[in-house]
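Enquirer: Below are the structure tokens for one structure; questions will follow.
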Amino acid sequence: METAEQIRDRLLARFPGAEITVVTNPGLSAQHSLLLGSPHARAIAQFLRDDPTLRLDQCSNVTGVDWPEKEIIDTVKVTVPDPAGGPPKVIEQKNKRLTPAYLEVVYHLYSIALRHGPVVIRTRTGNRSDQVDVPSLTPVWRSCEFQEREVFDLFGVSFSGHPDLRRILMWDGFKDYPMRKDYVDPDDYEWEPTPHDEVLARAKVHYPATPAAPEPKA
Amino acid sequence: MPEDAAPALTTAERDELRRQGILLTSISELYNWGRSNSVWPLNFGLACCAIEMIAASMARFDIARFGSEVFRPSPRQADLLIVSGTVTKKMAPQVVRLWNQMPEPKYCIAMGACAISGGPFKQGYNVLKGIDRFIPVDIYIPGCPPRPEALLHGLVELQKKIRGEKLSGPGAPRHLQPDNDCTYPVPEFGEHDLEPPRNPAVWQPPILTRPDKA
Amino acid sequence: MLASGSAAAPFSSASVRPVHDEFHGDLLEVSMGPHHPSTHGVFRMMVTLDGETIVRLKPVFGYLHRNHEKLGENTTYLGSMPYTDRLDYLCSMTNNWAYALAVEKLAGLVPPERAEYIRIILAELTRLINHSGLIGFLMQDTGCSGTPLMYAFREREKVLDLFEALSGSRMMCNYQRFGGCRVDLTPAWVDSARRLVDAFPRFLDEFEALLTGNEIFMARTQGVGRLSPELAVNAGLTGPVLRATGVGHDLRKVDAYGLYPRFDFRVPIGAHGDTYDRYMIRVLEMRESVQILQQALRDLPAGPIMDPKAKLRGLRPKAGEAYGRIEGAKGEIGFFLISDGSPNPYRYRIRPPSFINLTVLEDLCLGHTVADAVIILGSIDIVLGEVDR
Amino acid sequence: MLGSGIIKGLAVTAKNLAGSFHDPARYVTQEFPEVQPQLPENSRNFPFLVADDGADPMGTLRCVACQICEKECPPQCIYIEKSKDKKPDAAGKLQLYPAVFAIDTSVCMSCQICVEVCPFDAIKMDQVFAIATTDRFNGLLLNREQLAKSNQYYHSIHPTEATEVDARLAAERKAAEEKARAAAAAKAAAPKPAAPPPPQPPA
């Protein structure tokens, strides 16, 4: 099967102006992926499905990933000229930067006809709050129908063009997106016999004020 | 026969009399004996434990030996609700509704860790931390999942409990109390959690007596 | 009225008839489940009926949504292993294997030969109990109450005894580890497994004599819930449901994971894609599993059962991602893991076969009666622990 | 012939019905409360703590309150508090012990990860399953006293494994004694007394 770079080159030739980048997977599995820009994503997906050399007729797995803002500290060595006129010094400068926050949808494509795969494609939202639209690939692969609904339900990605975008696992009046990294669980651990960490911290709020209990002596 | 005449005899004496062909019993004993040997569970499976519940009703464990093989699909015909598996928040209102639809006298077995306390899934956002927050539970069977034998043991314990019930007086069970209405409030879906998250008439968090960990 | 989505996706619309607005008064919406004896757990279907014919069916999920994926992100790689048992709680061994495979891809571990053989033995035993149990439940749905399910559970108990003797637990085995297996097979275990496997075809013959030729069963299932191969592939179906439509897609052959290429077995495929084919595929697959088991138990090599590089605690795979999948009893069960180098996975995603197989439930049921919908649902083989996770 | 399939099926059920009277393969019912099941050796249900001496279980717990199992337990159902003082263990070395050791069996998922990660063979899986109770909070939260069971009990439920564990512990103890003797010899040779190393779990 073609590598991710070869597929990208072929796609760029077919869809001039489309944003397609290869996302390298540093892990041992080396399953690299193609990041597709939203405007062309559905056309590209259709092409991948129907292209005779790829024929990715099965979209096996659709999932969301939440990437909140993360502070990354890059340590850069900078050569600073000495104001006193001495030899220039090399100092380590720490640059803080924030990675952009976005939600990502990952599709794993396989070909049942040609027995190869996976080709991994990704789409990304603009941010995590108001620009959460990505094109739905349900018109291309029916298997995305429920899985995209699940991503919508748990991550809050809105799929434009999805035929029936409703919550699927949680109830309809639910307001949060529980699989996001910053989701706060409802406070329902009133009493746990073996509390730990955050459960303990949350449970403590519900403990009655116990003046009777003797203070543990140090 | 007056109700407390029979308990004046010990069990051994009564067994001896039974061997001699004299059946000595009280109304309440006869009544409870009959009830305890025909506990019909609701045909209601939630998760993994339901498979063990089905296994318990199959040939090898044969729950029919205890008179409980009649799994009723309708709550109107059932005496026993076996909460077999994780109760999620989405499912909790339905479980309470089923419980409300069952006629008294009715009993509830919380089978498995999830039904008792949320079990391994207790840290999940959609998992109810124990069905006893909404309905009264008679028997708790720990295990994940409990073996079918453990379920049978739980059933035997429930039968013991039923046999020990009195027919009148302040110690009488719920269904014989005059001011009992057997409905429990059904929680509603809220924006973040169930509303209310527990039924205070049924469940109060116990006071933690252990000193906090440093 | 038919909210069946977009025009581009192929729908098996032969049996669908349009419902006009003026018929609205005649339609009846029925909520089946979540407490319904034939929904295989807490599954719910919103069924719109015209008389007794289904004109619309919307599945409602989430009544057993136990937050596996969130829990998996908050616990270590090892800590998620017992949770995978509870996904598809009839097939804990294959779930374990799929998860172990994904982590092995992520962390670069290679299980030794004996461990691979053990995995194959356990996975095929799992397939036997899943398929026989499923047929029992399917018969329960057709109204054949009790007998086949009881026979299936009689055999299941024998396999569960083997699982318990090996792993300690009947259902929740928690047996596979990253880079191998937890405990070794004893010769006594292999002997009893061999006895079971040799006796299993006799049970299958009996089971088939009971069911396969039964005229009532044939009348209830043949031609019911037909599925075209194009829709099946496009809707991401896998496992016996896909193979019943005539697509010979079996990951044991396609991906050739584990040591499956060493084994001689055939992949049965169906011709009509109806409920009867889905039943027959499972019977035939059990016979092939018996073949695999006999070969595996015969050739079981000696040797270690763990990759020497593997360690039990503190697994921190290099940053990256991996998708590992195997052919479970219900279809392709896959795990997608993203590691950021910490002890917990950054993203832990389960690809649940029975959830995705439900995509076509509406297409299968349209035009049939409610009683048929129950059988069709039964023949898809869902386990709610996996559908809702 | 129409109906032959049904007749064939009925013959199977008839065979099974008749067989259940004489064929043990077809009569599989176990009379549970009267006949206790023969659990296989590996069978597991809930954890217990191994005490070397059944007569004084609290004094001879193998657990040294290292809290590894508490950290690794997937459903977080173990609660341990370290003791403030130390007690000699079976090898005579001073060790911490658990002042509080509680397992919430209403949460435990019987996964035996605590057993696998324990470096001291102090926690093992029990086979008791008939523990249904009417009291959730007092009946299912097991404390140190309820969890402690003797090594003899361990031998009675998992004989093969317990023998291996005993052999391994004896070997470790012997190695530790030899090391201590060597260290003592070295110390005697060296002029300056070194502080005793803090107890470390073996890697």
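Since every read-out is calculated from the coordinates, none of them should be taken as a lab result. All figures in this text were calculated on a predicted structure; none of them were measured in a lab. All Cβ positions, even for glycine, are placed from backbone atoms using ideal geometry, and neighbour counts span all protein chains on display.
Enquirer: Quick one: which residues, 5 or more positions from A:Val22 or on another chain, have an amide H under 5 Å from its amide H? H modelled 1.01 Å from N in the peptide plane, none for Pro or chain starts.
Expert: The answer is A:Leu35.
Enquirer: Applying the Karplus parametrisation 6.51 cos²θ - 1.76 cosθ + 1.60 with θ = phi - 60° to the phi angles of the range A:126-141, what ³J(HN,Hα) value in whole Hz is obtained for each residue in order, glycine and proline being reported as x?
Expert: x, 8, 9, 10, 10, 9, 10, 8, 9, x, 7, 9, 4, x, 8, 10
Enquirer: Across the residues of D:22-34, average count of Cβ atoms on other protein chains within 10 Å?
Expert: Taking the mean over all residues of the peptide, I get 5.
Enquirer: Return C:Thr84, A:Thr99 ranked ascending by Cβ neighbour count within 10 Å, so the fewest neighbours appear first. Before the final figure, lay out each step's value.
Expert: Working: C:Thr84 24, A:Thr99 11.
With the fewest neighbours first, C:Thr84, A:Thr99 line up as A:Thr99, C:Thr84.
Enquirer: Another one. Calculate log10 I(q)/I(0) of the range C:68-388 for q = 0.09, 0.11 Å⁻¹, where I(q) comes from the Debye formula with a single equal point scatterer on each Cα and nothing for solvent.
Expert: Summing over Cα pairs of the range C:68-388 leads to -0.44, -0.67.
Enquirer: Still on this structure: Can you give me the angle between helix C:92-107 and the longest principal axis of chain C, using Cα atoms only, in degrees from 0 to 90, rounded to the nearest 10?
Expert: 60
Enquirer: For peptide B:186-193, what's the mean number of Cβ atoms from other chains within 10 Å of each residue's Cβ?
Expert: Taking all residues of B:186-193 together, the mean is 4.
Enquirer: Along its three principal axes, how long is chain D when you only count alpha carbons? Whole Å, largest extent first please.
Expert: Result, largest extent first: 102, 38, 33 Å.
Enquirer: What longest region of chain A stays clear of GluC sites (Glu not before Pro) that DSSP places outside H, G, I, E and B and that have at most 14 other Cβ atoms within 10 Å?
Expert: A:70-218
Enquirer: Also, I was wondering about something else. Pop out the ³J(HN,Hα) list for the range B:104-113 in order, Karplus 6.51 cos²θ - 1.76 cosθ + 1.60 with θ = phi - 60°, rounded to Hz; leave Gly and Pro as x.
Expert: Result, ordered by residue: 6, x, 9, 10, 10, 10, 8, 9, x, 4 Hz.
Enquirer: In the range B:73-214, what is the volume of the convex hull around the alpha carbon atoms, normalised per residue and reported in Å³?
Expert: Details: hull volume 21.2 nm³, N = 142.
Here the figure is 149 Å³ per residue.
Enquirer: Let me ask something else about it. Can you classify the range B:92-158 as rounded, prolate or oblate using the Cα gyration tensor, where a ≥ b ≥ c are the square roots of its eigenvalues, rounded means a/c under 1.5, and otherwise it's prolate if a/b beats b/c and oblate if not? Could the numbers behind the result be given before it?
Expert: Working: a/c = 2.50, a/b = 1.03, b/c = 2.43.
It is oblate, given that a/c is not under 1.5 and a/b is not larger than b/c.
Enquirer: Another question, then. Note the per residue figure in Å³ for the convex hull of the C-alpha positions in the range A:92-189.
Expert: Taking only Cα atoms, the range A:92-189 has a hull volume of 184 Å³ per residue.
Enquirer: Charges only on Cβ, +1 for Lys and Arg, -1 for Asp and Glu: so what's the dipole of chain C about the Cα centre, in debye to the nearest 20?
Expert: 1460
Enquirer: Can you find, among B:Leu176, D:Asn16, B:Gly143, the residue farthest towards the positive end of the dipole of the protein assembly as shown? Put +1 on the C-beta of Lys and Arg, -1 on that of Asp and Glu.
Expert: B:Gly143
Enquirer: Once phi is turned into θ = phi - 60°, what whole-Hz ³J(HN,Hα) does the Karplus curve with 6.51, -1.76 and 1.60 give for every residue of the range C:149-157, x standing for Gly and Pro?
Expert: 5, 5, 5, 5, 6, 4, 6, 4, 4
Enquirer: Report, in deg cm²/dmol and to the nearest 500, the calculated mean residue ellipticity at 222 nm for chain A, where each DSSP H run with n ≥ 4 adds -39500 (n - 2.57) and the sum is divided by the residue count. Don't jump to the answer; show the numbers that get you there.
Expert: On the way: 4 runs with 46 residues, N = 218.
The per-residue figure over chain A is -6500 deg cm²/dmol.
Enquirer: Also: Based on Cβ point charges of +1 for Lys and Arg and -1 for Asp and Glu, what charge dipole magnitude is obtained for the protein assembly as shown about its Cα centre, in debye rounded to the nearest 20?
Expert: 2160
Enquirer: How large is log10 I(q)/I(0) at q = 0.13, 0.21 Å⁻¹ when the Debye formula is applied to the Cα atoms of the range C:152-282, each weighted equally and without solvent?
Expert: Log-scaled intensity ratios, in q order: -0.80, -1.23.
Enquirer: Hey, what number do you get for chain C at 222 nm if only DSSP H runs of n ≥ 4 count, each worth -39500 (n - 2.57), divided across all residues, to the nearest 500?
Expert: Rounded to the nearest 500, the figure is -14500 deg cm²/dmol.
Enquirer: Helix D:159-189 sits at what angle to the longest principal axis of chain D, using alpha carbons and giving 0 to 90 degrees rounded to 10?
Expert: Relative to chain D, helix D:159-189 is tipped by roughly 10 degrees.
Enquirer: Something else now. Return the FRET efficiency for the residue pair B:Thr183, D:Thr13: r is the Cβ-Cβ distance, R0 is 35 Å, and the value is rounded to the nearest 0.05. Working shown, then result.
Expert: Working: r = 44 Å, r/R0 = 1.26.
Computed FRET efficiency for B:Thr183 and D:Thr13 comes out at 0.20.
Enquirer: Still on this structure: State the dimensionless ratio Rg/Rh of the range D:6-111 (Rg: radius of gyration of Cα atoms; Rh: Kirkwood radius).
Expert: 1.32
Enquirer: With angles folded into 0 to 90 degrees, how steeply does helix C:113-142 sit against the dominant principal axis of chain C? Use alpha carbons for both and round to 10.
Expert: Rounded to the nearest ten degrees, it is 20.
Enquirer: Tell me, C:Leu293, B:Leu167, D:Leu39 in order of fewest to most beta-carbon neighbours within 10 Å?
Expert: The most exposed by this proxy come first: B:Leu167, D:Leu39, C:Leu293.
Enquirer: What ratio of Cα Rg to 2.2 N^0.38 Å holds for the range B:40-154? Don't skip to the end; give the middle numbers.
Expert: Working: Rg = 13.0 Å, N = 115, 2.2 N^0.38 = 13.4 Å.
That works out to 0.97 for the range B:40-154.
Enquirer: Among A:Pro26, A:Tyr102, A:Pro87, whose Cα projects farthest towards the positive end of the dipole of chain A, with charges put on the beta-carbon of Lys, Arg (+1) and Asp, Glu (-1)?
Expert: Positive-most Cα among the choices belongs to A:Pro87.
Enquirer: Given a cut-off of 52 Å, what percent of all Cα-Cα pairs of the protein assembly as shown lie beyond it?
Expert: 22
Enquirer: Can you give the mean number of other chain Cβ atoms that lie within 10 Å of the Cβ atoms in peptide C:210-220?
Expert: What the average comes to for C:210-220 is 4.
Enquirer: Could you work out [θ]222 nm for chain D from helices alone, using -39500 (n - 2.57) per DSSP H run of at least four and dividing by all its residues? Round to the nearest 500 deg cm²/dmol.
Expert: -11500 deg cm²/dmol
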